1. Filtering segment 14-42 down to residues that are within 15 Å of Ala90 (Cα to Cα) and of a type in the set (Gly, Ala, Ser), which residue is surrounded by the most Cβ atoms within 10 Å (Cβ to Cβ)?
2. So for segment 335-354 (the condition being at pLDDT 85 or above and in a strand (DSSP E or B)), does at least one residue qualify?
3. If you take the residues in segment 170-182 that are outside any loop (DSSP other than H, G, I, E, B) and β-branched (Val, Ile, Thr), which one is nearest to Pro95 (Cα to Cα)?
4. Return the residue satisfying two criteria in turn: it lies in segment 105-132 and is under 24 Å from Val71 (Cβ atoms) and crowded, with 16+ Cβ neighbours inside 10 Å, and of such residues it is modelled with the lowest pLDDT.
Amino acid sequence: MDDLSELLRRVLAGVPEFRDAAVRGELQNFKRHTSGHVYFTLAGKESRLSCVLFRSHTSGILDWPSDGDEVIVTGSVEVYPKAGAYQLYATRILPLGTGAQSRAREELRAALEREGLFDPRHKRPLPQYPAKVAVVTSPTGAAVQDILKVSANRAPFVDIVIVPAVVQGVDAPAAVARALGVCGRLKGISCVILARGGGAKDDLSPFDDERIVRAVRNCPVPVVTGVGHQTDSSLADLAADAALPTPSAAAERVFPDSSEIARRLMHARDLLASGMLRRITREENLLARREDRANRLVSAGLEVSEKLLGDMKRDLFALMDGVTERGENALSSAAAALDAFSPLAVLGRGYALCRDADGAAVRSAASLSRGDRMSVRFKDGSANTVVEGVSLD
């Protein structure tokens, strides 16, 4: 018996489809055990499948599952030897019915909102002129073509990196989360566009998955979503830095319009040229006013200097006249005084000046002897004489 169970276990383990299975059915007998494990049954039209969700995988399950909900359960199908039966070891439970999906979405939204993942204060501004944009979407879908068309028309100079991901079905949440992680490791990425074309409501449910929501918030660059149609909205949109209704709208939001850029550049050039012209005109006017003021100051300075020079010249001539007059008066006084003491003046009063043969003045008769020669100087001339005799008083 044990050998048979082991053989069956190996047989099931060798089938890849059993290792990563996705089973659709109606949820029945949903119970949470005190151990933390969850046990339930998936019911089809004519079959039943026992399922167990271990405690390690229950963190993503809130209170939404109810008996009767249509779900997709992912996990591996293995043999349970003690019961002699096979069962599904679940890893995730995805709701399909409208009621279940709505409950699951609302409960997850409330939980993530309490964490602050949708807080507008955490929104990052989008780059005005991105250099490189990563696009997470299906490489074969219409969304990627819409984005490439918009980017080619608006900003062909922006580099685009397509990061392929499954965007529909049970594998979509893990695939999109991995792709967003890849974007975070790419060098030079300015922002990320997460896009998917329109489809049925169930087709867009992966974007309400917690894994995608957290991957959007954990991406190191801004994330722009363009998922579905105009009326569609997802939890990924609430977490994104900007949410647009379609892939084309997301592309138009991210890629700047080159024609608008050219128009702005032309406008900026005109403003710059006009500003420079006004500045040049203002500086020329200021220079002209300064030059005129300088000329007036120079003219006024020259006028003052000329007047000052004229005054100084007049004062100098007046001073020179005064000095000359005083000099002439002093000279006249000195000449009169000199004339008063001049021997010629004495001679004019009848006196004579006697000099011996050597020219020395004869001051005393006692110095003469008979026969000495003398020169007698009178006012109007002189006479040579010989002493015939000396008479002393």
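The values are calculated or read from the model by the stated rules, or taken from the named source; none is laboratory data. None of these values were measured; they are calculated from a predicted model. No Cβ is skipped: glycine too gets one built from the backbone with ideal geometry, and neighbour counts run over all protein chains shown.
1. Going through the qualifying residues, I end up with Gly25.
2. Step one: of segment 335-354, the residues at pLDDT 85 or above are 354.
Right, trim to in a strand (DSSP E or B) and you get 354.
Looking through segment 335-354, at least one residue is at pLDDT 85 or above and in a strand (DSSP E or B).
3. Quick first cut of segment 170-182, residues outside any loop (DSSP other than H, G, I, E, B) only: 172-182.
Still in the list and also β-branched (Val, Ile, Thr): 176, 182.
On the way: Val176: 19, Val182: 28 Å.
The residue in question is Val176.
4. The qualifying residue modelled with the lowest pLDDT is Arg105.
Let's see how each residue does on (1) in a strand (DSSP E or B); (2) within 34 Å of the chain's Cα centre (by Cα); (3) not basic (Lys, Arg):
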residue: Gly184; (1), (2), (3): no, yes, yes
residue: Pro206; (1), (2), (3): no, no, yes
residue: Arg214; (1), (2), (3): no, yes, no
residue: Thr225; (1), (2), (3): yes, yes, yes
